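Below: the structure, in C-alpha cells.
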Amino acid sequence: MPTDAVGMALMGFDPMADRGKPPFELCDNMLRFAEELGVGTRDLKNIEVIGTPIKDVVFDFRKNGGPRPAGVPGGPPLPTKK
C-alpha cells in the first residue's frame with residue numbers, strides 16, 4: 001500500500017485526502033480503509049522513498065491526464081435520471 005500512496009503523490013494527489021477532496025470528490029479514499037485494516041500506511045512522512053524525491057517528479061494528472069470522470073469538477077455533468 002505504501003506504493004499506492006507514493007503513486008498517488010506522483011500523480012499530484014494527496015494520499016491522505018478524504019471524501020470531497022481530489023481525487024475523491026465522489027467516493028471514499030480506499031487507501032484510508034486499507035490503512036485502518038492494517039495493510040500499511042498512506043502517510044508519506046512514514047514512507048521511505050529512495051532516489052528522486054517525489055516533489056521533483058510530480059505529474060499533474062488532472063491537468064495532463066485527459067478527460068475527467070462525470071460529476072468531477074471540470075468533467076461532464078452526471079447523467080440525469082428520466
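The values are calculated or read from the model by the stated rules, or taken from the named source; none is laboratory data. Worth saying up front: this structure is predicted, and the values here are computed from it rather than measured. Cβ placement follows ideal geometry from the backbone for every residue including glycine, while neighbour counts extend to all protein chains displayed. Remember, those area values only see protein heavy atoms, side chains included, never the ligands or the DNA or RNA. Shrake-Rupley method; radii C 1.70, N 1.55, O 1.52, S 1.80 Å.
Points to keep in mind about this one:
- Qualifying residue in segment 22-32 (condition: in contact with a helix residue (DSSP H, G or I) (Cβ under 8 Å, 6 or more places away or on another chain), open to solvent by less than 60 Å² (accessible area, probe 1.4 Å) and either outside any loop (DSSP other than H, G, I, E, B) or of a type in the set (Phe, Trp, Tyr) (or both)): yes
- Remark: pairs (first residue in segment 1-12, under 10 Å from Asp60 (Cα atoms); second residue among the aliphatic types (A, V, I, L, M) and in a helix (DSSP H, G or I); Cβ separation under 9 Å; 6+ apart in sequence or on different chains) = Ala9/Leu44; Ala9/Ile54; Leu10/Ile54.
- Residues satisfying the stated conditions in segment 33-66, i.e. among the charged types (D, E, K, R), open to solvent by 90 Å² or more (accessible area, probe 1.4 Å) and within 12 Å of Pro2 (Cβ to Cβ): Lys45, Glu48
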